Structure formats: C-alpha cells, structure tokens
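First up is the structure itself, then whatever we jot down about it.
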Amino acid sequence: MKTSVFICTYNRGNLIEGTLRSIIIDQTKKPDEIIIVNGGGENDCKKVLIEWKKVFSSLIIVNTKNKNLASSRNIGLEKCHGDIILQTDDDARPFPDWIDKIVKFHIMYPNCGVIGGRVIDASKRTFLSNVADVSTFPSYSTIKKVRSLAGVNSSYKREVINEVGKYDETLFRGEDVDYNWRVKLIGWDILYHPELKVKHIHRPTWKSLFY
C-alpha cells in the first residue's frame, strides 16, 4: 500500500522540524510521500521545509495563504496519491512504528475507513495538559470503534476520501469531527487502536487551549 503523510502547518516554523525528523529519519517504514500545506505566518517554516526536501525528495510543499484548517486540508488532499493518507500536525512526534502499524491495521480491518490512536503529552505533566487530554485527546486502553479521532493521529483509506469529498470550509474548528461523522454516515467504521502513538506538544497556556 502506498502511503501519504499529510500535514497542514501555519506559523509553526520552530516546531515542524521535529515532526519531519520523526517521519523521515525515525520511522521503521518510510512514507512514499509527504505533503505539507504551508499557510505561512510570522513564524513561517518555508526555509525548514526546503532543507528537508534535500533529505527527502518526495516531500511536496504547497505554499498557500492561510484561511482555516479545513481549507488547507482540502488543498493538500488533492496532492495526496497514497492508498492510505496519514494525518498528523506540525506539533506532533509520531512513534517510530507509526506508519508501519497503520498500514498493518488498515489491512487487518478492511471495514474501518479511519484508524488512529493515542495522543501523548510530550511535555511535563501539568494540570493544563491533563485538561487538554480529557477535552481534546481521549484515550482508551483497548481497541475500540469510536465516533471520531483527533486529526493529529488519524489515517484514511483513499476510497473513503473519494466518497466523502471535501472538508467543510465554513467550520473554523471541529472540521475533523464533522468529516469523521460523514464517514460514519456512509457506512464506514472508525477505529481507535492504542498501539498507534503520537506525542503532541500541548498548548502551553489556558488562552491557547481555549482557542
């Protein structure tokens, strides 16, 4: 199965370096391509992306003016050619076996259109990070069919993307929840698997978490 890792970034030039390292250098199974939709911002990551393209030639950089995440996802999906599209964020660090296990589980669970897993706080545990986990990144100890998954650790079969179509660009937040609901409406299951792990740099302040 051909794999596309898909990341949307905006104003995170100081963070995406670690994300790319975890995908390009640390993975036991390399992706066939990486698609980055870069919305720019004051802390633009354009220079970082250019340097990583020298290391991984199948890094596709799409520069755009940031509108919202749904819009960036729609722009990037058109560039993804994989049978499985793996989504993560510019403040995430997938575990080394992330790609390998996602491919394995998509084969094992053919009726699951979306598969994802645990999101682990990459910083020191604080009350704020605990709130983020409970409110945004629920965790389960067993394999479980769920209603939605966090976009930072999710993967989609190509045929699901073809059936569902585009993200709703009228949504400022929650576009992934809406998209996954539409996946379920057409008959696909969504699977949480605890072995799929991604470290995430949680929002450092209450203001940024509420945002």
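The values are calculated or read from the model by the stated rules, or taken from the named source; none is laboratory data. As the structure is a prediction and not an experimental result, all values here were calculated from the model. Cβ sites come from the backbone with ideal geometry, for glycine too, and all protein chains shown count toward neighbours. Calculation scope for accessible area: heavy atoms of the full protein, side chains included, ligands and nucleic acids excluded. Shrake-Rupley method; radii C 1.70, N 1.55, O 1.52, S 1.80 Å.
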Among residues of region 1-18, those that are closer than 17 Å to ILE60 by Cα and touching an Asp or Glu at 6+ places or on another chain (Cβ under 7 Å), counted: 7
Selected residue (criterion: most open to solvent (accessible area, probe 1.4 Å)) from residues of region 155-197 that are under 17 Å from the mean Cα position of the chain (by Cα) and among the β-branched types (Val, Ile, Thr): VAL177
Which residue, of ILE84, ILE25, ILE35, is surrounded by fewer than 16 Cβ atoms within 10 Å (Cβ to Cβ) and among the hydrophobic types (A, V, I, L, M, F, W, C)? ILE25
Of the residues that make up region 15-26, is at least one over 14 Å from ASP89 (Cα atoms), of a type in the set (D, E, K, R) and either at pLDDT below 95 or in contact with a Cys (Cβ under 6 Å, 6 or more places away or on another chain) (or both)? no
Within region 1-22, the count of residues that are more than 26 Å from LYS67 (Cβ to Cβ) and open to solvent by less than 70 Å² (accessible area, probe 1.4 Å) comes to 2
How many of the residues making up region 173-204 are assigned to a loop (DSSP other than H, G, I, E, B) and not charged (D, E, K, R)? 7
Provide a single number: the residues in region 97-116 that are in contact (Cβ under 8 Å) with a residue 60 or more places away in the chain, more than 17 Å from ARG182 (Cβ to Cβ) and assigned to a loop (DSSP other than H, G, I, E, B). 2
What are the pairs with Cβ atoms under 6 angstrom where one residue, in region 75-88, is farther than 19 Å from ASN111 by Cβ and the other, located anywhere, is surrounded by fewer than 15 Cβ atoms within 10 Å (Cβ to Cβ) and at pLDDT 95 or above? Sequence gap at least six, or different chains. GLY82/LYS2
